[in-house]
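This report concerns only the one structure given below.
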Amino acid sequence: MHALKKNRPLRRITLAAATTVTGVVLLLSLKPHTPPTPASASSSVGHSSSPSSGDSSGSSSGSSGGSKSTGTRTVTGDTVQTRWGPVQVRITLKDGRITDATAVAYPSDNPKDQEINSYAIPQLRRETLAAQSAQIDSVSGATYTSDGYMQSLQSALDSAGL
């Protein structure tokens, strides 16, 4: 006779309770994605302060020509907090054109973030250089990073006066 037959209701109740407890324990043991600590965000801000000193030297060479759009300078956009972590973009401008775009901060806390951003960041950079604006397409599978990248890029362009 099978162990779960109707003549043994206590055994069925015990097995159902044990299964429920096991399921609850497994659910509670899952570790949710945690946002980065404020210390890592402040270190990103610390890195953005060094480009601002580069901005002033770049601006002075640009202002010697009398126009904001001449010379070479580097501008760092605001840090944008996304669901998976902060995103920040630094652009290099030469004669009013974007010659380089670098993601100085992006989610890389776990292997999945690293995998996604290993293909998303270069694609966003190519899009930026081609479009010469923040009006670029999002990368499929990296929506949050793409949105944060575009917001930070727009912030950098605004700071540069473009």
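The values are calculated or read from the model by the stated rules, or taken from the named source; none is laboratory data. Worth saying up front: this structure is predicted, and the values here are computed from it rather than measured. Don't worry about glycine lacking a Cβ; one is built from the backbone with ideal geometry, like all the others, and counts go over all protein chains shown. What goes into the accessible areas is simple: the full protein's heavy atoms, side chains included, and nothing from ligands, DNA or RNA. Shrake-Rupley method; radii C 1.70, N 1.55, O 1.52, S 1.80 Å.
Worth pointing out:
- Residue within the stretch 140-153 that is among the polar types (S, T, N, Q), over 23 Å from Lys94 (Cβ atoms) and in contact with a helix residue (DSSP H, G or I) (Cβ under 8 Å, 6 or more places away or on another chain) present: yes
- Arg83 being more than 10 Å from the chain's Cα centre (by Cα) and among the basic types (Lys, Arg): no
- From the list Asp109, Asp113, the one residue that fits, being open to solvent by less than 30 Å² (accessible area, probe 1.4 Å), out of contact with any Ser or Thr (no Cβ under 7 Å at 6 or more places or on another chain) and farther than 21 Å from Leu162 by Cβ, is Asp113.
- Residue match in the stretch 145-152 (condition: under 14 Å from Arg83 (Cβ atoms) and among the β-branched types (Val, Ile, Thr)): yes
- Ile136 meets each of the listed conditions (1) farther than 15 Å from Thr79 by Cβ; (2) open to solvent by 60 Å² or more (accessible area, probe 1.4 Å) apart from (2).
- Filter result for Asp95 (open to solvent by 70 Å² or more (accessible area, probe 1.4 Å) and either closer than 29 Å to Thr72 by Cβ or touching a strand residue (DSSP E or B) at 6+ places or on another chain (Cβ under 8 Å) (or both)): yes
- Single condition Asp100 does not satisfy, out of (1) in contact with a strand residue (DSSP E or B) (Cβ under 7 Å, 6 or more places away or on another chain); (2) charged (D, E, K, R); (3) at pLDDT below 85: (3)
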